1. With the requirement that a residue be among the small types (Gly, Ala, Ser) and either away from the ligand (no atom under 16 Å from the Cβ) or open to solvent by less than 20 Å² (accessible area, probe 1.4 Å) (or both), what does the range 131-175 give you?
2. For the range 41-65, how many residues meet the condition of being assigned to a loop (DSSP other than H, G, I, E, B) and modelled with pLDDT of 95 or more?
3. Any chance the range 189-201 includes a residue that's within 21 Å of residue 144 (Cα to Cα) and over 19 Å from the mean Cα position of the chain (by Cα)?
4. Restricting attention to the range 65-96, and to residues there that are out of contact with any strand residue (DSSP E or B) (no Cβ under 7 Å at 6 or more places or on another chain) and among the aliphatic types (A, V, I, L, M), which single residue is farthest from residue 293 (Cα to Cα)?
5. State all residues of the range 180-211 that are touching a Pro at 6+ places or on another chain (Cβ under 8 Å) and open to solvent by less than 50 Å² (accessible area, probe 1.4 Å); if no residue qualifies, say none.
6. Give me the pairs: first residue in the range 177-196 and in a loop (DSSP other than H, G, I, E, B), second residue crowded, with 21+ Cβ neighbours inside 10 Å, beta-carbon distance under 6 Å, and six or more apart or on different chains, which are they?
7. Find all pairs meeting these conditions: Cβ atoms under 8 angstrom apart; at least six residues apart or on different chains; first residue within the range 117-130 and closer than 13 Å to residue 179 by Cβ and open to solvent by 10 Å² or more (accessible area, probe 1.4 Å); second residue within 16 Å of the ligand (Cβ to nearest atom) and of a type outside the set (Ser, Thr, Tyr).
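The values are calculated or read from the model by the stated rules, or taken from the named source; none is laboratory data. None of the values given here were measured: they were computed from a predicted structure. Glycine also receives a Cβ, built like all others from the backbone with ideal geometry; neighbour counts cover every protein chain displayed. The accessibility values were calculated without ligands, DNA or RNA, using every heavy atom of the protein model including side chains. Shrake-Rupley method; radii C 1.70, N 1.55, O 1.52, S 1.80 Å.
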Amino acid sequence: MLRTVLLCSLLLVLQPYASFGFDFLERGRRDAKDHHNWNYEDKTGPDHWPKMFKKCGGARQSPINIINSEVDLNDELDAFEFDNYDDPLVDARIENNGHTIQVSPGSKDPPRTIDEGGMDDQYQFLQLHFHWGSDSKKGSEHLIDGSSFPLEMHFVHINKNYKTKEKALQKEDGLAVLAVLFKLDDEDNPALTPIIDKLDDVRQEGSKADLDDAFTLESLLPDDLMPYYRYKGSLTTPPCSEAVTWTVFKDFVPISEKQLQLFRNVKEEDEGEPAESLVDNFRPVQELHGRVVEISRDSDNAAPSLSSSTLMVLTAFALFL
Ligand SMILES: [Zn+2]
């Protein structure tokens, strides 16, 4: 029995990161089987996850409420180096796995990596996905000073030191996830168009489609990449592996009510029932258990800034010469 549960957990972990090694048919079968093991409501909702997936009851869980007055400034949290983030994805696919909408690069897409950003290793991009609410007052997983946001996007990366996802999920530095919070805006955000235009094609759970319009990962990031919050946490879905270095950007990305509504039109299957809207796919915030959230500097100006009096002296000196 225990072995069965463990195996199920492992399959669940592998499913979102299954860009390598599994054929699509097998993956489709797993999607259908796993979906009903856990959900966001009722008897299979987040309160019950720890019974089925022990790690979900751990002390390093995500998401969390980030309280600005309690974060620590860490000067060693430097700017990220993004590699190929400005190179359009040409072979990406989008899928509805019953828990989220996920976009993954295809085999023709060269690797995208992140480096620095206060981390010791290089991490390779695996997929991005979204969490959203049934209305715009909720939806994000992370909260800032107790406030939630209508949509949160996660860029999931694997530590390049680990060859497989199974290995990475057993390591405390196995994954790096970049979290982007979206704020309601009157205007549509054109950067989201390539994804949003395809939502209708993946309305049904288990459906997949190719993304026709190339887009860059960079276009989905906020304008200001510093400061960012940093803490050690977990996957926010079962099996809640405590393997994630979390980065939550402080700056927001805009999204319109109309665009959010298109996410809310996506469906999930309910056993024996008509398909329901896939909404409120966010886990409630978890206890910090003594963890401290850090924040980076505002910008990556490595040189110390000169005071105005120093500048005046230097200017006078230059004029004198
Ligand atoms: Zn997520």
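1. First pass over the range 131-175, keeping only residues among the small types (Gly, Ala, Ser): 133-134, 136, 139-140, 146-148, 168, 174.
Within the range 131-175, 133, 134, 136, 139, 140, 146, 147, 168, 174 qualify.
2. Within the range 41-65, the subset assigned to a loop (DSSP other than H, G, I, E, B) is 41, 45, 53, 58-64.
Filter again for modelled with pLDDT of 95 or more, leaving 45, 53, 58-64.
Residues in the range 41-65 being assigned to a loop (DSSP other than H, G, I, E, B) and modelled with pLDDT of 95 or more: 9 in total.
3. Step one: of the range 189-201, the residues within 21 Å of residue 144 (Cα to Cα) are none.
No, that holds for no residue.
4. 90
5. Of everything in the range 180-211, those that are touching a Pro at 6+ places or on another chain (Cβ under 8 Å) and open to solvent by less than 50 Å² (accessible area, probe 1.4 Å) turn out to be 180, 182, 189, 211.
6. These pairs meet every condition: 188/259; 189/255.
7. Within 8 Å, the pairs are 129/16; 129/101; 129/102; 129/103; 129/153; 129/154; 129/156.
For (1) within 15 Å of the chain's Cα centre (by Cα); (2) not aromatic (Phe, Trp, Tyr), each residue gets a yes or a no:
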position	(1), (2)
165	no, yes
174	yes, yes
184	no, yes
209	no, yes
246	yes, no
